[in-house]
Every structure is written in structure tokens, then in C-alpha cells.
1. Might you let me know whether the stretch 358-374 holds any residue that is in contact (Cβ under 8 Å) with a residue 60 or more places away in the chain and in contact with a helix residue (DSSP H, G or I) (Cβ under 6 Å, 6 or more places away or on another chain)?
2. Run THR330 past the list (1) out of contact with any Pro (no Cβ under 8 Å at 6 or more places or on another chain); (2) surrounded by fewer than 18 Cβ atoms within 10 Å (Cβ to Cβ); (3) in a strand (DSSP E or B) and report the number of the one that doesn't hold.
3. Scan the stretch 289-298 and tell me whether some residue there is open to solvent by less than 30 Å² (accessible area, probe 1.4 Å) and under 25 Å from VAL360 (Cα atoms).
4. Please determine whether any residue of the stretch 251-263 is of a type in the set (S, T, N, Q), more than 30 Å from ARG182 (Cα to Cα) and either assigned to a strand (DSSP E or B) or more than 26 Å from the chain's Cα centre (by Cα) (or both).
5. Among the residues that make up the stretch 197-218, is at least one of them among the aliphatic types (A, V, I, L, M), under 24 Å from TYR286 (Cβ atoms) and open to solvent by less than 20 Å² (accessible area, probe 1.4 Å)?
6. Among the residues of the stretch 343-361, what is the count of those that are in contact with a strand residue (DSSP E or B) (Cβ under 6 Å, 6 or more places away or on another chain) and either basic (Lys, Arg) or surrounded by fewer than 18 Cβ atoms within 10 Å (Cβ to Cβ) (or both)?
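The values are calculated or read from the model by the stated rules, or taken from the named source; none is laboratory data. A quick note: this is a predicted structure, and the numbers were derived from the prediction, not measured. Please note: Cβ atoms are built from the backbone with ideal geometry, for glycine as well, and neighbour counts cover all protein chains shown. With ligands, DNA and RNA removed, areas are computed over all heavy atoms of the protein, side chains included. Shrake-Rupley method; radii C 1.70, N 1.55, O 1.52, S 1.80 Å.
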Amino acid sequence: MVQQVRKSITALIFFLASSAALGQAPSAPLVLRPDAPDRYVVVPGDTLWGISTRYTDSPWRWPELWGMNREQIQNPHLLYPGMVLLLDRARGTLSIGGAQPGTTPGGPGGPGGPGGPGTGTGPTPPGGTVKLAPRVRAESLAGQQIPSIPPSAIEPFLSRPLVIEPEGLERAPTIVATEKDRVVLSAGNLAYVRGIREPGEESWFVFRRGDPLIDPDSERTLAYEAIYLGTAQLTRAGDPATVVLTSAVQEVNAGDRLVAAPPVLAINYAPHAPSSNLKGRVMKIYNSPGRVGEAGPLQIISVNRGRADGIEVGHVLALYSFGGTVRDTTRGGAPITLPDERAGLSFVFRVFDRVSYALVMHVTRPISPLDVVRTP
């Protein structure tokens, strides 16, 4: 029910992941933007998607931009603030040209951070003379790598349950009673839960079933959205078991459900186009009721295609405004089908069996439920 993924993606790096993920042949040569900079200095707050967008309208095809091939997959590029990127227009590729003067990945002044690696000072002697001597100071680069996409946009959605399979609600442990018959629970309150059978599970998410996710093509309910309420910790096993709410973002009531919190696993995001011609529909804009609302950049959409359809984490899907059918008033009202119009790009970051969630990265017009997703 819950995909095991990492809670934080702040250490995501810009690298070639595997030949299976990135081995598909591009449909057309990569085209550089006419205004692509010859030289660019990486700064804090950059994302790899954003950097690639400066150079091409196909940012998921960055391996070609770097001139990489299968033999170089084991030698990934690591980008840090202060690095200088150089564009070879003749070959249409990027390279790392070193660091901006006075800065390196370690921070201002060099690998050792402020002050740089070449000088150091000792205590000031009585005569006021300062003796200079070489000094090297090491500093970890962990956490300074440039992420693939804005981490804050999807971080809360990586480990929490987003969907519940149609039959999953009936199997989930249920809050059957509350501390001192409280109507509403909040952080620090006790609750009594029926159905906790997993031995050794102590940390739980609390949720309730939300809106159905209905396939626009078949009108079948593929899953239900899970409304995240908070977290709970098991304090006493049994049936009912006792849990204490350790956090609550919404009110918790009797009847709400629990799902075991997954272990933290590392996951890497390498944007790539699907290797086959996929086509699906937008079912819902996250946090919008039913089939209403519009999505812009960095908003989340649900798609009616999932793992069973070949969707993977990291897939880039093109967004199209759904053309639909209208009446041709010039020919007596005969139906006419309008073409779908290209509207933007999305980045798949969470995949379930029949449903996926994607982050809208770029749009030329708002995205609505019933719009189309395709292989770019």
C-alpha cells in the first residue's frame, strides 16, 4: 500500500542512473536554445532541471547535453554551487570548467571554506607581527549537491500514503476508541486501535479515505486519495492496541485508519522519457475537489497510468490540453474532434500500481482534469 521511498531528497544529484533507465533512443536531435549562455556559474538554489532548461527545451535529455554515453555511466557529474559550466557550441555539449574565482564546492575561498586553503594565521605575538603559514581545512560537501527538482515541492509526498487501493481501506487498522471518549484527538492524546497485527511495527501514519480517483477513460475507480492526518507511536500491543499521537496536521477521530510507516530507502531521480509511446489522462489536481481546479508550475497532478502500464519514477510526460468534441455550427451541428494542444511538461515522482503522481514543471497554459499526458 505504501511505496518505500526516502523522506528527504535534499542530496539528490545530477547523474546518469542506469543504462536501462536512460538507454532509449531520442526521437530527434537535441536542439540548443538560441539564448543558451556560453558560461554559467552554479548558485545555491539552482536545480538540475532549471540549469538544463537554460540550454534546451528538452531538459530531461541532459545526458546528451553532457555528451555522455553508456561507457561513462559509472562516472557521474556532481554539481555544486560555485562550479562554472562551459558550453561547446560546435558539439552542443556542456563541461565543468572549474570553479568561480574565490569559490569552490567547499564554500567561499576554497575547499576549506571561508578564508581559502592557501593561507592561515596563528595567534598574534606580543610585537603585533602576524606570521602567515599554509593551512588546509577539510569540510564535507554532503548536502550541497544541486538537486534534480525543487525538493520542497514534493518532499512531504515521498513517504506518506497518497492513495489507497479500492480494497485497502477495509484491511487497514482502525481507531475504535479515544482517550476519555474525546471526540477529537490531537498530538499527545491516546487512541485505541483494532487490527494491528504486524509484529514489531511501532511507527504509523494516520489517514482517512479521500476522494476517489476515477479513470476518465473507463470511469472505473482506480484508488482513493489518502488524507494525511498525522503520525502515531505504538505504546501497547493487543487488540485493541494503544497508540499515542506524536503529530497531527488535522483533527483525528474514531474511524480513522493507520498504515505502517515505511523504512527510509535511498532513491535517485534521473529524468528520462518513457521508452514506449505512453498516453494517459490527468485525473485530479492534488488538494482540489473532484474534477475541478487548474494546475500551474510546481503543483501536483494524479495520472491514470501506473506501474502496470510501464510508468517509472523519473519519467517525464508531456502535458496536452484536451481537445474534446464540439459541434460544427457551419455544417449543421455535426460533431468535430479538436486536436490536443501541447501545454507543458511534468515529472513523475511517485508510482503506484494503476496511479502515478507528477509534478508540473513547465506550462504554457493551465492544466485541468481530463487533460492528456504523453511520451514527449
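1. The answer is yes; a qualifying residue exists.
2. (3)
3. The answer is yes, given that some residue of the stretch 289-298 is open to solvent by less than 30 Å² (accessible area, probe 1.4 Å) and under 25 Å from VAL360 (Cα atoms).
4. For the stretch 251-263, residues of a type in the set (S, T, N, Q), more than 30 Å from ARG182 (Cα to Cα) and either assigned to a strand (DSSP E or B) or more than 26 Å from the chain's Cα centre (by Cα) (or both): absent.
5. Yes, the stretch 197-218 contains a residue that is among the aliphatic types (A, V, I, L, M), under 24 Å from TYR286 (Cβ atoms) and open to solvent by less than 20 Å² (accessible area, probe 1.4 Å).
6. Result for the stretch 343-361: 2.
Every residue, every condition in (1) among the basic types (Lys, Arg); (2) closer than 20 Å to ARG171 by Cβ; (3) in contact with a strand residue (DSSP E or B) (Cβ under 6 Å, 6 or more places away or on another chain), yes or no:
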| site | (1), (2), (3) |
| --- | --- |
| LEU229 | no, yes, yes |
| ALA232 | no, yes, yes |
| THR242 | no, no, yes |
| ASP256 | no, yes, yes |
| ASN287 | no, no, no |
| ALA295 | no, no, yes |
| SER302 | no, no, yes |
| ILE336 | no, no, yes |
| PRO339 | no, no, no |
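Residues are listed down the side, and each one gets a yes or a no for (1) in a loop (DSSP other than H, G, I, E, B); (2) over 19 Å from ILE214 (Cα atoms):
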position: PRO274; (1), (2): yes, yes
position: GLY280; (1), (2): no, no
position: SER288; (1), (2): yes, no
position: GLU312; (1), (2): yes, yes
position: PRO335; (1), (2): no, yes
